[in-house]
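K.L.:
Got a structure for you, questions after.
The values are calculated or read from the model by the stated rules, or taken from the named source; none is laboratory data. Bear in mind that the values here come from a model prediction, so they are computed numbers and not experimental data. Here Cβ is always computed from backbone atoms with ideal geometry, including for glycine, and neighbour counts include all displayed protein chains. In case anyone asks, the SASA skips ligands and DNA or RNA and just uses the protein heavy atoms, side chains included. Shrake-Rupley method; radii C 1.70, N 1.55, O 1.52, S 1.80 Å.
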Amino acid sequence: MSGAAGGGAQSAGLGAAAAASSCSSSSGSGSVALLCGGSGIACRLPSRVLEHIFSYLELPDLMQCSLVCWHWYNCLSDENSEVWRSLCSRVLNDEAMRTDILCNISTYKCKLKSFQHALSTHDCSRNVYIKKNGFTLHRNPIAQSTDGARGKIGFSEGRHAWEIWWEGPLGTVAVIGIATKRAPLQCQGYVALLGCDDQSWGWNLVDNNLLHNGEVNGNFPQCNNAPKYQIGERIRVILDMDDKTLAFERGFEFLGVAFRGLPKACLFPAVSAVYGNTEVTMVYLGRPLDG
C-alpha cells in the first residue's frame with residue numbers, strides 16, 4: 001500500500017514538474033491560466049511533494065513557479081528550504097559556500113541573488129578575470145594599465161547595498177564606486193579609472209579622494225586624520241536611486257554620503273585596480289537596513 005501511495009505521489013510530482021516547465025517556457029497562457037485558477041492537480045499537491053519537485057528546477061523556473069498560485073508562492077517563501085539549498089549546491093562554487101565570502105548573507109536564496117549580481121565575467125577589462133568562486137576579481141600583472149569591472153546587474157531605482165574588499169596590495173590607485181554602461185573599463189597608465197569622466201563615480205581607497213568627471217571632489221570620509229584602508233576590510237557601498245545618493249560604511253560605522261545628485265540612469269557596481277595579482281571581492285547584500 002505504501003508503495004502504491006509513493007508511486008502515485010511520484011506520478012503526480014512528474015505531472016506537476018511538466019506543468020511547471022510548460023508554465024515557464026510556453027508562449028501560450030492556457031496552462032498558466034489553469035494552474036493559477038487552482039483547478040489543476042499541481043496546485044493541490046502537498047508542500048513536501050512540491051519542494052521535492054522544485055529542488056530539481058533552475059532559478060528562472062522557480063521565479064515563474066512562485067507566480068503560479070498562492071500555494072506555490074508560500075512553498076517557495078522559505079529562503080532556507082531544501083529547494084534553495086539544492087539550487088545553491090548546483091550553482092555556487094564550493095569555495096564560495098565553505099569560506100567566509102558569503103558570511104553576511106543569511107539565506108540560500110539571498111546567496112543565489114548575490115551571485116546574480118556579482119562582478120561580470122564579460123563586462124570587464126581583458127586584463128582581469130573572475131575566479132571560480134564567482135565573486136572575486138583577479139588582476140593580471142600587466143604593466144602600465146588600469147583595469148576595472150562592472151557588476152552583472154545595474155540599478156535605476158530602489159536602494160541597494162554591496163560589500164567590496166581588497167585581498168591583496170592596493171598599489172597607487174584602488175577605486176570603488178559605480179559606473180554607467182558607457183564608462184571605460186581599461187586605460188593606459190596607473191590612474192583613477194572610476195571617476196575619470198562623467199560616467200562614473202569613485203572613492204580612491206589609497207588617498208581617500210572622491211572622484212568624478214576627472215576631478216577630485218574632496219576627501220572622504222570628511223573627518224580629520226581619516227584612517228587608511230586596511231587590506232581585508234569590508235567596505236559597504238549603499239546606492240539609493242530614489243534619493244540619487246551614494247554612501248559608504250566601514251564595519252558598522254556609517255561614513256556618510258559621498259555623492260549626491262546622481263543621474264536618472266542605470267548604474268552598476270564597479271571597481272578598478274592597478275596592482276598585479278591583486279584580488280578584489282564584491283558581494284551584493286540586497287536592500288540596506290535602515291538605522
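K.L.:
Could you give me the ³J(HN,Hα) list for the range 58-66, computed from phi with Karplus coefficients 6.51, -1.76, 1.60 and θ = phi - 60°, whole Hz, x at Gly and Pro?
P.N.:
Once rounded to whole Hz, the list reads 8, 4, x, 5, 5, 4, 5, 4, 5.
K.L.:
With charges set only on the Cβ (+1 for Lys and Arg, -1 for Asp and Glu), what does the dipole of the range 41-91 come to about its Cα centre, in debye to the nearest 20?
P.N.:
The dipole of the range 41-91 has a size of about 120 debye.
K.L.:
Could you rank the peptides 265-274, 50-59 by their average count of other C-beta atoms within 10 Å per residue, with the highest value first?
P.N.:
Working: 265-274: 25.5, 50-59: 18.3.
Result, highest mean Cβ count within 10 Å first: 265-274, 50-59.
K.L.:
In the Gaussian network model of the chain, springs joining C-alpha atoms below 10 Å, which of G134, G177, G256 carries the largest mean-square fluctuation?
P.N.:
Between G134, G177, G256, it is G256 that shows the largest mean-square fluctuation.
K.L.:
With a ≥ b ≥ c taken as the square roots of the eigenvalues of the C-alpha gyration tensor of the range 203-291, please select rounded if a/c is under 1.5 and otherwise prolate if a/b is larger than b/c or oblate if it is not? List each step's numbers first, then the result.
P.N.:
Values: a/c = 1.25, a/b = 1.21, b/c = 1.03.
Rounded is the answer for the range 203-291, as its axis ratio a/c remains below 1.5.
K.L.:
Got a sec? Which residues in the range 231-263 would a label at C103 touch, if it sits 7 Å along Cα→Cβ and we count backbone N under 11 Å?
P.N.:
Taking a point 7 Å out along Cα→Cβ of C103, the residues of the range 231-263 whose backbone N falls under 11 Å are 233-234.
K.L.:
Given a 1.4 Å probe and heavy atoms of the protein chains only, how would you sort D78, D147, largest accessible area at the top? Write down the numbers at each step before the final one.
P.N.:
On the way: D78 80, D147 0 Å².
Reading off the accessible areas and sorting them downward yields D78, D147.
K.L.:
Rolling a 1.4 Å sphere over the protein heavy atoms, what is the accessible area per residue of the range 41-91, to the nearest Å²?
P.N.:
54
K.L.:
Give the lysines reachable from K113 as a straight Cα distance under 19 Å; neighbours fewer than 8 places away on the same chain don't count.
P.N.:
Cross-link targets: K131, K132, K152.
K.L.:
Under a 1.4 angstrom probe, counting protein chains only, how are D240, D198 ranked by accessible area, largest first? Could the numbers behind the result be given before it?
P.N.:
Working: D240 15, D198 85 Å².
Correct descending sequence by accessible area is D198, D240.
K.L.:
Excluding residues fewer than 8 places away in the same chain, name every one of the lysines whose C-alpha is closer than 16 Å to that of K244.
P.N.:
Of all the lysines, those that pass the test against K244 - Cα under 16 Å, at least 8 places apart if same chain - are K264.
K.L.:
In the range 120-286, with Lys and Arg counted as +1 and Asp and Glu as -1 at Cβ, which of these residues, P141, G261, S156, has the Cα nearest the positive end of the dipole, that is, farthest along it?
P.N.:
P141
K.L.:
Related question: Summing +1 for each Lys or Arg and -1 for each Asp or Glu, what net charge is found among the other residues whose Cβ lies under 12 Å from the Cβ of T278?
P.N.:
It works out to a net charge of -2.
K.L.:
Here's something else I'd like to know. Between F155 and residues 5 or more places away or on another chain, which pairs have amide H atoms under 5 Å apart, with H built 1.01 Å from N, and which residues are they?
P.N.:
Long-range HN contacts for F155: L267, F268.
K.L.:
OK, next. What accessible surface, in Å², does a 1.4 Å probe find on Y275, ignoring ligands, DNA and RNA and rounding to the nearest 10?
P.N.:
Number for this one is 100 Å².
K.L.:
Once you charge only the Cβ atoms, +1 for Lys and Arg and -1 for Asp and Glu, what is the size of the charge dipole of the chain about its Cα centre, to the nearest 20 debye?
P.N.:
400
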